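**Student:** Structure incoming, see below.
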Amino acid sequence: HLAGGADPDPAAQILALAQRLQEAQRWVEALHALEVFVEGFPAHPLIAQALERIGAVHAENGAWNAALAAYR
């Protein structure tokens, strides 16, 4: 499984990986994983959470316009 996870749901694995990267302040990698999630699973029930995380990463790095766009 992706990143050694036990969950067979690839969407959940990608989101979990993004969360771990965000917690480790690996911003570029976290954004990439979140963007893969959003583009690959646009109808997933956790899409709002992923977009919120994208906004949070941008806000953490002072990219306010990108953060606002993600929150919209």
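The values are calculated or read from the model by the stated rules, or taken from the named source; none is laboratory data. As the structure is a computational prediction, the values presented were derived from the model and not from experiment. Here the Cβ positions follow ideal geometry from the backbone for every residue, glycine too, while neighbour counts run over all protein chains shown. In case anyone asks, the SASA skips ligands and DNA or RNA and just uses the protein heavy atoms, side chains included. Shrake-Rupley method; radii C 1.70, N 1.55, O 1.52, S 1.80 Å.
**Student:** Just to check your reading of the model, which residue among Gln19, Gln25 is modelled with pLDDT of 90 or more, open to solvent by less than 90 Å² (accessible area, probe 1.4 Å) and among the polar types (S, T, N, Q)?
**Tutor:** Gln19
**Student:** Something else now. For region 9-40, give me each residue that is under 16 Å from Ala70 (Cα atoms) and either in contact with a Gly (Cβ under 8 Å, 6 or more places away or on another chain) or not aliphatic (A, V, I, L, M) (or both).
**Tutor:** Once the filter is applied, which keeps residues that are under 16 Å from Ala70 (Cα atoms) and either in contact with a Gly (Cβ under 8 Å, 6 or more places away or on another chain) or not aliphatic (A, V, I, L, M) (or both), region 9-40 yields Gln22, Trp27, His32, Glu35, Phe37, Glu39.
**Student:** I'd like to check something: does region 46-61 contain any residue that is open to solvent by 70 Å² or more (accessible area, probe 1.4 Å), basic (Lys, Arg) and at pLDDT below 95?
**Tutor:** no
**Student:** Within region 20-29, is even one residue in a loop (DSSP other than H, G, I, E, B), out of contact with any strand residue (DSSP E or B) (no Cβ under 6 Å at 6 or more places or on another chain), polar (S, T, N, Q) and on the phi > 0 side of the Ramachandran plot?
**Tutor:** Within region 20-29 (the criterion being in a loop (DSSP other than H, G, I, E, B), out of contact with any strand residue (DSSP E or B) (no Cβ under 6 Å at 6 or more places or on another chain), polar (S, T, N, Q) and on the phi > 0 side of the Ramachandran plot), the answer is yes, since at least one residue qualifies.
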